[in-house]
Structures are given as structure tokens and as C-alpha cells.
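One structure below.
The values are calculated or read from the model by the stated rules, or taken from the named source; none is laboratory data. On a predicted model such as this, the values are computed, not experimentally measured, just so you know. Note that each Cβ is placed from the backbone with ideal geometry, even for glycine, and that neighbours are counted across all protein chains shown. For the accessible areas, the whole protein counts, side chains as well, though only heavy atoms, and no ligand, DNA or RNA atoms are used. Shrake-Rupley method; radii C 1.70, N 1.55, O 1.52, S 1.80 Å.
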There are 2 protein chains.
Amino acid sequence: MTNSRRTVVILAILFAIASLTHAQSDPLPSWNDGANKRALIDFVTRVTREGGPDFVPAPQRIATFDNDGTLWSEQPIYFQFAFALDRVKALAPHHPEWKTQQPFKAVLDGDMKTLLASGEKGLAEIIMATHTGITTDEFTRTVFDWLITAKHPTRKRFYTELVYQPMLELLAYLRQNGFKTFIVSGGTVEFMRAFAEKVYGIPPEQVVGTSFVTKFQVNASGVPVLMREPKIDFIDDGPGKPVGIQKFIGRRPIMAFGNSDGDQQMLQWTDAGTTARFMGLVRHTDAEREWAYDRDSHIGKLDRALDEALSRKWVVVDMKKDWKVIYPAEK
Amino acid sequence: MTNSRRTVVILAILFAIASLTHAQSDPLPSWNDGANKRALIDFVTRVTREGGPDFVPAPQRIATFDNDGTLWSEQPIYFQFAFALDRVKALAPHHPEWKTQQPFKAVLDGDMKTLLASGEKGLAEIIMATHTGITTDEFTRTVFDWLITAKHPTRKRFYTELVYQPMLELLAYLRQNGFKTFIVSGGTVEFMRAFAEKVYGIPPEQVVGTSFVTKFQVNASGVPVLMREPKIDFIDDGPGKPVGIQKFIGRRPIMAFGNSDGDQQMLQWTDAGTTARFMGLVRHTDAEREWAYDRDSHIGKLDRALDEALSRKWVVVDMKKDWKVIYPAEK
């Protein structure tokens, strides 16, 4: 080996070591340095230090994350509701009666005022009409198809591009440290399962959500199918979140992250554990890069949970201050 | 190194290689050689052979197992029912009314005839009285306590010793090959979760079962608890098994194992998949080492599922012929 060649090899090795060291020293590159980033890294370090006072064995390292507003955006309407509205339009040719029947007429006319006036009952009708009455396989296909075509009205990106880069890094960092990461969301489970594995690295069996009753049937061709019935099976929101955690996971998380009052009980349940634990809220403070809303928002209202976070010293992530970038495309 | 010392070292290395080779060549040592053992190994080999026509990526290698009669014994009564009867006796001092009130009186008197005559309604009353009205943490504790003290009436062993050694080997073999193993059982989920991790290596979040409604409450000391309500939430049996699989796992298994008609739809659902797949039934044929029963049994009845297995060429394991040992203690 010539001297110059040797120098190149040595430099390459040094560079590789430096990269490794850097990767080790900053597992959360999109988080600004500060108390919240330190708290995250400190927690993971403590629970994984074998023999340390806060060590938690790997199988018990359960981390649960809300989805809307915690892992991806939720404005101006929940993305799942955008899907439902698009489905109403797609299904309209098969439902001539919708031309005159509310709340469907309002959707087809783009009349948001009348739509909102139809209230929870109207909303439920739209969800049932677009999410049930088909098999589980068919439903998953419609979600897939929508995700690769529909774009956010103002951000002009695919919805799956509007996930939070810093949270993707946190999920990966946790898994690298033996955590099992779960979604525990008020969104419906099969909608999220259609993209959670690809986008978040969270497999279907680790997604907990609101669900519809399904029924096993053998269809006319002799093929077994699961039909989605127009009946809610389980609402995974508010006090339903600890119930969902117990039902689907069967052990208490040691880390939980949310962004709204609907996550308050999940954080309380996590906080009532006996091991080291981490409770976090994402606070939407960035009107420019994302959205800014909390106590008075009709979506993702953060009020009582924020008070409790402040009094119990849960970590409140300030999107504007804590995050270098919001979405992966900004990297 | 002396010659003799060198010989010892070489022999040690050869022995180590031989052990490794043996371990690799027989992942199922408690299974007798034959078509069923070959079918299992052949299936695992095919779905894990990258580039092969039957390759299935690891995340999709979902295997679901019934519990009672498939992973452990279920005679003369379901072990969970033995737990319920013992709980009636333990709780009796707090329920003086049970001395005269059926079906509890029958349990306390050891009067199995009257107990059985109380039918499904009586059985449900016993299950509700012993499984609900307490918090999830308290319930888990009672199951733990019972498992380390109660013994099977005729086998005189702890119930957790009456698991099938050949099935433990199969579970471990699957996991070594990238499968995720799940229980999908008619038994109640939190009963099984109390021992599934230690006994089967299956963590709580991979146990699907029948469940009770639970309710999030903050108790008098300000501590959040989950109360088990005397109301069935979900019955994970028969057509409920594919429903439970979709609900909790969210993808179709490529392997499913059961032992009774209650598993038929789970096997149908698995068989309707599009990748390579394996459907298996454990048939109880060994009156001496375990029990022998099928079409006419009141527990673990295997009739219609057996007919379908024969016509669809599902694998039917013959306990007497296929298994060298039944329980771990016989090894």
C-alpha cells in the first residue's frame, strides 16, 4: 500500500468512527438541544442501564403514542375525515339519493357550514356510510388508494408526508433501545393500519384504535370474509385509552405521548405506574410551519391535560422551540 | 500444547459442532419422525427461504394458537373453570348468602351434578362472580397466586406443568425463524396473560381472548384503576376467532393451530390467505398419557372441524403417534 493510499484508508476509518460516534451522541437530530430533548435521552438511558436503579427489562418497555396531532398533523380537519369526505364523493354515483339527502348533499356541494351544522349525528352518518358495509380487505384497499392520490388542501402534500420528523426519530430511537412502540388513537384502527407500518415502522398488531363491529361470513363464492358492520365496537379516546391499552396490550406503558385532552387518561394511567416513566404532550405552537392551537381549538383541544401536565411536570414539547424541522421533506 | 491436550480441544470443538448440527437438524426433538413433523419443518423452511417461491417476509409470519387443548390440557374441566371454582371457595367467607344460593351452594358442597344442571346460566354466574368486580391488577394477582398453589386433581401437578412439550418446541422453532406467535383462545385474556409469557414465551400483547368490559376510574386515593365489569366485551370463539385476529392483530395468520370445532373458522380464515400457509389440529388420542376424546366430548369437541381438516388436507396431529412426550416433566 502506498503512503497516500494508506492515508485515504485511515481517513475513511476515522470518518466512519466519527459518524458512528455522532450517531450515538445525537439520536434525535431534528430536536433542538434543550430540556425536553435532554429529558427524552436521559429517560431512555436510565431505563436501559442494566443494574441501574431505573432499569426496566426490555419486554416491559412499552411506549404508546396518540396519532392525530402527535405523530402527524390534524388540521384543518382530521385526515381521516378528509378521507371520509372524499369517499362520499367517490361513492355518490351509487347513491343518487345523496343529491338531496343531508349531510351528504352538503359534502357534495362543498357546503361546510351545513355539514358542520349537522353535528355529531351527521358526522357519524358520514363515517358509517364510508367506513362500513364492506369487507375489511376492501376497506384497506380504499385507504391505500386514497393515501397515494389525495393531497392536503393547503400543504399540497400527501397526508403521509405530514408526519412529524422529530417523532419519527423518537420512535426509531426507542425501538433501537428495546422499546415496543404502539399507536393508541381515537382514529379508527384499520385506517391507521393501512399506513402505520410503512410510515411509522409500527406493525398492524401494534395499532390500537376505535373500531367497528366486524362479522365473519362465508360469501357466495365460498370465501370467508369479515364484514364491517355500521356499529361502533370500541371508542379509543379519553378514558377509553387506558381501557384500550389494557385490552390490546395488557401491560402499562412506561412512556406515553399525546397532544390533547383525549390523551389525558392515557398519561394518567402511565404516570400511575411504579417504574421510571415518561409522559409527554406535543403542543402546537408553530402557526407558520404547522399550526398553533390549544385551549380553544375544536380539533385537538388541549386544556385540562395541559393544566395537569404543568402541575405533574409532564414534558410539554413546544413544536416551535423544540423542533428543527416539522416534516421529513424539510430535512 | 501437548498432543493429548490438543486432542481434547479438537474433540471439544467437534462435539460443539455436532451439537450445533444436531440442534439445527432437529428443531422438534419431542416430535416423532413422520409426515406431520416433516410438514411442519418443510413449511417453516419454505416460507423463510429468501428468493424461494413460498417466501413470506418476517413481519407477515403470524402464527396463532388456540390455548385449551392445543397448548395445554383441558380435562376434566377447563383449567380456568377450576380456577373459578377455587375462587368461589376462597371468596365464600365474604358471601354468606352462597351457602344457600345456587349455583354457589353446589360448588361449596362439591355437588358437581347440581352445578352442571345449572347450565350455561349458572356457569356464567360463577365466572362473573369470580372474574369481575375487581381491578385488573387485583385479578392478575389472584391468578398468579392460584397458579403457584393449585394442582390438577388427578395429574397432581401445577396446571402450568400440563403444557405440551412438543408445542413449546414448535413455538420456539417458529420464533427462531422470525414468526410472531400469538394465542387466540376462547379463554379470558387476562387469565392467560398471567402465565403466557413465562410458560409459552408469548407476551401479554400477543394474547387474544374473551374479555370483560373494563372501566377507567380514579379511586378514593386518587389512583387511576381499571375496574372489571360483570359484562362480556368480546367472545373469542368460533366465528369470533377471525374477528379477534383482525381486531387485535390486523393481519391474517400464515399458520394456525387448534384442537376443536371452536377453532374451525380460525383455520378457514387462515386457509383463505394467498401465501403459503399451515393449518393444524391437535387430536387428543392418548388416553394413557393425556386424554382421548373428539366427536362426542363435552369439552374440546372435535367434529365438524375434523371433517373439514380431512377434506382440506389440514394437518391433524395424532398426540399418541406424533409426540414422544406430552408434558415437559417427561423429558
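Is there a pair in B:K151/B:K198; B:K89/B:K198; A:K215/B:K241; A:K198/A:K301; B:K156/B:K301 whose C-alpha atoms are over 20 Å apart, and which pairs would that be? Kindly include the intermediate steps, with their values, before the conclusion.
Numbers: B:K151/B:K198 18 Å; B:K89/B:K198 27 Å; A:K215/B:K241 10 Å; A:K198/A:K301 28 Å; B:K156/B:K301 25 Å.
Over 20 Å Cα-Cα: B:K89/B:K198; A:K198/A:K301; B:K156/B:K301.
Which whole number gives the average, over all residues in A:220-226, of C-beta atoms from other chains lying within 10 Å of the residue C-beta?
Average neighbour count from other chains, rounded to a whole number: 3.
Compute the FRET efficiency between B:A117 and A:S25 as 1/(1 + (r/R0)^6), taking r as their Cβ-Cβ distance and R0 = 51 Å, and round to the nearest 0.05.
0.10
Report for chain B the percent antiparallel among DSSP-assigned beta bridges with both residues inside it, nearest 5.
Within chain B, antiparallel bridges account for around 40 percent of the total.
Dipole magnitude of the protein assembly as shown about its Cα centre, charges +1 at Lys/Arg Cβ and -1 at Asp/Glu Cβ only, in debye to the nearest 20?
1560 debye
Choose one answer from A:K180, A:K113, A:K37: the residue with the largest mean-square fluctuation in a GNM of chain A with alpha-carbon springs under 10 Å.
Among A:K180, A:K113, A:K37, the largest GNM mean-square fluctuation belongs to A:K113.
At a Förster distance of 45 Å, what's the computed FRET efficiency of A:Q102 paired with A:V223, Cβ-Cβ distance as r, to 0.05?
0.75
Please report, for A:N32, the nm distances (one decimal) from its label point, 7 Å out from Cα along the beta-carbon direction, to the equivalent points in the remaining copies, shortest first.
Computed spacing set for this position: 7.2 nm.
Any idea what the dipole of segment B:79-147 comes to, in debye rounded to 20, about its Cα centre with Lys/Arg Cβ at +1 and Asp/Glu Cβ at -1?
It works out to roughly 160 debye.
Could you run the Debye sum over the Cα atoms of segment B:215-265, one equal point scatterer each and no solvent, and tell me log10 of I(q)/I(0) at q = 0.20, 0.24, 0.31 Å⁻¹, two decimals?
For the requested q values the scattering log ratios are -0.76, -0.91, -1.17.
Contour minus end-to-end for A:D109 and A:I41, with contour as 0.36 nm per residue of separation and end-to-end as the Cα-Cα distance?
Length difference between fully extended and current span is 19.5 nm.
Quick one: go through segment A:164-181 and flag any residue whose amide nitrogen is under 19 Å from the point 7 Å out along the Cα-to-Cβ line of A:N32.
Answer for segment A:164-181: A:164-170.
Under a plain spin-label model, where a point goes 7 Å from the Cα along Cα-to-Cβ, how far apart in nm are A:I232 and A:Q176?
Spacing of the two 7 Å Cα→Cβ label points: 4.0 nm.
Taking the Cα centre of chain B as origin and charging only Cβ (+1 Lys, Arg; -1 Asp, Glu), how large is the dipole, in debye to the nearest 20?
Numbers: 41 positive and 40 negative charges, 167 e Å.
Dipole magnitude for chain B comes out near 800 debye.
What is the mean number of Cβ atoms from other protein chains located within 10 Å of the Cβ atom of each residue in peptide B:201-209, rounded to a whole number?
4
For segment B:171-253, would you read off the P(r) tail past 20 Å as a percentage of all alpha carbon pairs?
Taking all Cα-Cα pairs of segment B:171-253, the fraction more than 20 Å apart is 43 percent.
With a point put 7 Å past each Cα toward its Cβ, work out how far B:F158 is from B:D307 in nm, to one decimal.
Roughly 4.3 nm, to one decimal.
Find the chain A residue whose Cβ sits closest to the rotation axis that carries A onto B, and give that distance in whole Å.
Output: A:F248, 3.
Does any residue of segment A:263-296 lose at least 50 Å² of accessible area with all protein chains in place compared with its chain alone, and if so which ones (probe 1.4 Å)?
In segment A:263-296, residues shielded by partner chains: A:W269.
Using bins 20 angstrom wide from zero, how does P(r) for chain B break down, in % of all Cα pairs?
Going out from 0 Å in 20 Å bins, chain B shows 28, 53, 17, 3, 0 percent.
Counting only heavy atoms of protein chains, what accessible area per residue, in Å², does segment B:73-133 have with a probe of 1.4 Å?
It amounts to 52 Å² per residue over segment B:73-133.
Counting only protein heavy atoms and a 1.4 Å probe, tell me what percentage of the protein assembly as shown's accessible area is made up of carbon and sulfur.
The computed percentage sits at 56.
GNM, chain B, Cα, under 10 Å: largest mean-square fluctuation among B:M266, B:M227, B:M279?
B:M227
I'd like the projected area of segment B:79-147, averaged over all directions, using the convex hull of its alpha carbons. Report it in nm² with one decimal. Spell out each step's value before the answer.
Numbers: hull surface 18.0 nm².
In nm², the orientation-averaged hull projection of segment B:79-147 is 4.5.
In square angstrom and rounded to 100, what buried accessible area do you get between chains A and B, total over both, with the probe at 1.4 Å?
Working: alone 16560 and 16570 Å², together 30220 Å².
Summing both sides, the interface buries roughly 2900 Å².
I need the Kirkwood Rh of the protein assembly as shown: take the reciprocal of the average 1/r across all distinct C-alpha pairs and report it in angstrom.
Here the Kirkwood hydrodynamic radius works out to 27.7 Å.
Any idea what the B:I148 label distances to the other copies are, label 7 Å down the Cα→Cβ vector, nm, shortest first?
Here B:I148 shows inter-copy label distances of 5.3 nm.
Of the listed peptides B:60-67, A:93-100, what is their order by residue-averaged count of other C-beta atoms within 10 Å, with the highest listed first?
The packing order, highest mean first, is B:60-67, A:93-100.
From the residues A:L116, B:I62, A:V208, which one has its Cα farthest along the dipole of the protein assembly as shown in the positive direction, the dipole being from +1 and -1 charges on Cβ of Lys/Arg and Asp/Glu about the Cα centre?
The residue sitting most towards the positive pole is B:I62.
Comparing B:L226, B:L302, B:L281, which has the greatest mean-square fluctuation in the GNM of chain B with Cα pairs linked when under 10 Å apart?
Answer for the Gaussian network model of chain B: B:L226.
Based solely on its DSSP helices, what 222 nm [θ] is calculated for chain A when runs of n ≥ 4 H residues each add -39,500 (n - 2.57) and the sum is averaged over all residues, nearest 500 deg cm²/dmol?
Computed mean residue ellipticity for chain A: -13000 deg cm²/dmol.
Just for the protein assembly as shown, what percent of DSSP beta bridges are antiparallel, to the closest 5?
Working: 26 of 64 bridges.
So the antiparallel bridges amount to about 40 percent of the total.
At what distance in nm do the modelled label points of B:K320 and B:E125 sit from each other, each positioned 7 Å from its Cα along Cα→Cβ?
4.1 nm
From the label point of A:A329, set 7 Å from Cα along Cα→Cβ, how far away are the matching label points in the other copies, in nm, ordered shortest to longest?
The answer, with the shortest distance listed first, is 6.6 nm.
How many angstrom separate the Cα center of segment B:131-160 from the Cα center of segment B:245-262?
Distance between centres, Cα-based: 26 Å.
Projected area of segment A:45-120, taken from the Cα convex hull and averaged over every viewing direction, in nm²?
So the mean shadow area of the Cα hull is 8.4 nm².
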